[in-house]
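Read through the structure below, which is laid out as structure tokens, and then see the notes.
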Amino acid sequence: MLPLKDILVVDLSQFLSAPSATLRLADLGARVIKVERPETGDICRQLYVSNVMLNGESSVFRAINRNKESFQADLKSDIDKEKVLKLIAKADVLVHNFRPGVIERLGLDYDTVKAINPSIVYGDISGYGSEGPWSAKPGQDLLLQSLSGVTWLSGNADKGPVPMGIAIVDILAGAHLAQGLIASLIKRFKTNQGSKVSVSMLESILDFQFETITTYYHDGGEPTVRTASNNAHAYLGAPYGVYATKNGHLALAMGAIPVLGELLSCPSLTNYPEPDTWFTQRDEIKNILADHLLTETTEHWLSILEPADIWCADVLNWDTLFNHDGFKALNMIQNVKMGDGFEYKTTRCPIKIDGEYLTSTLGSPAIGEHTQEILKELNALDHEGKVENCCS
């Protein structure tokens, strides 16, 4: 049995952050009912990250809203809102990611919901929290990356700020919300008391930098300095970085520079025996390494370094990765099917429980696909007076 079986989640969220949290709850066995506005639904349905559409809508929406049901409702309509409130009264978890103030105007704030369902676990994600001068700013991933300092950790020293090419802030905030919701569900099972779990995207991306921020504070507040070339970590010394080879690239993590010099037949590297120099003189060490590694192929260097237990790796693109036996052994890609029969490939949940990966063949829903079915369940419960088995 999946860990969250019989847990009902009412999901009022859209875009990426909170939907990524409810995706993880769904993978763990929860029934997630996504409440969407009529006709347009979650705005992410039309929020494209590329020109790739799956069954007429955004590939992002398809990826992050699989394994969920869709309930169509206009939260500004008293009739529709009453239906949603009935659903919330039966729910174990409620999730939203409206900007501060919006949920109150809709009449679905925590105090209101708690009065209807005292034991509910209520989760919300905001961009910057509910207080402070940034609280009303839009919680968009690139904007959060830009404000958080993280863009000054990647790229070489002369390249300016470099954002990550993925919605890292959204996904981290979603992961943190899922953690808080699951912890609060455990508390509820023990005490029968609900909780409110709040996560901000800014705090999530700051927490993501705990290692470097801690180092910054204990380094006298010195400015963050990236290496001039081959930078992979602003606070680590040579050889840490990615280097071009004769036919590709090679990643090198921590390692003793003189040992590398011996293994790679690069005598110049043996002139740096003191570990302190691997940081204070890291630019010149990296230049020596970069020039030397260009003389042979990636496969050649790996054949020397891997048997010596040096932390190194080939740098793969997706085409190479997806055809590699190491990737194939993971069975990371699953086929899912929508209600209309459309099938697409996407990633599976990365968690394994009792030796089994958590997979599901259910694709993302059409807008309001499950509305009538859910209303029938609610009406049946009203007539029977049975609350405990709702929507199970």
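The values are calculated or read from the model by the stated rules, or taken from the named source; none is laboratory data. On a predicted model such as this, the values are computed, not experimentally measured, just so you know. Note: ideal-geometry Cβ built from the backbone for every residue, glycine included; neighbour counts use all protein chains shown.
For beta carbons closer than 7 Å, sequence separation of 6+ or different chains, a first residue in region 169-192 that is at positive phi and a second that is hydroxyl-bearing (Ser, Thr, Tyr), the qualifying pairs are ASN192/SER119.
Among helices (runs of 4 or more DSSP H) entirely within region 165-244, having at least 1 residues that are at pLDDT below 95 singles out 210-217. Scanning region 132-158 for residues that are over 25 Å from THR22 (Cα atoms) and without any contact (Cβ under 8 Å) to a residue 24 or more places away in the chain turns up GLY132, PRO133, SER146, THR151. Of everything listed in (1) surrounded by 15 or more Cβ atoms within 10 Å (Cβ to Cβ); (2) under 23 Å from the mean Cα position of the chain (by Cα); (3) over 19 Å from LEU28 (Cα atoms); (4) not aliphatic (A, V, I, L, M), the single unmet condition for THR371 is (2). Filtered by the rule that a residue be charged (D, E, K, R) and exposed (fewer than 13 other Cβ atoms within 10 Å of the Cβ), region 331-341 gives a lone residue, ASP340.
Across region 225-273, the number of residues qualifying as over 29 Å from ASN317 (Cα atoms) and hydroxyl-bearing (Ser, Thr, Tyr) comes to 3. Among the residues of region 293-323, those identified as farther than 17 Å from ALA253 by Cα and either more than 33 Å from the chain's Cα centre (by Cα) or surrounded by 15 or more Cβ atoms within 10 Å (Cβ to Cβ) (or both) are LEU294, THR295, GLU296, THR297, HIS300. Could you tell me which of the residues TYR357, TYR344 is free of Cβ contacts under 8 Å to residues at least 40 places away in the same chain, closer than 25 Å to ALA175 by Cβ and surrounded by 13 or more Cβ atoms within 10 Å (Cβ to Cβ)? Of TYR357, TYR344, the one residue that is free of Cβ contacts under 8 Å to residues at least 40 places away in the same chain, closer than 25 Å to ALA175 by Cβ and surrounded by 13 or more Cβ atoms within 10 Å (Cβ to Cβ) is TYR357.
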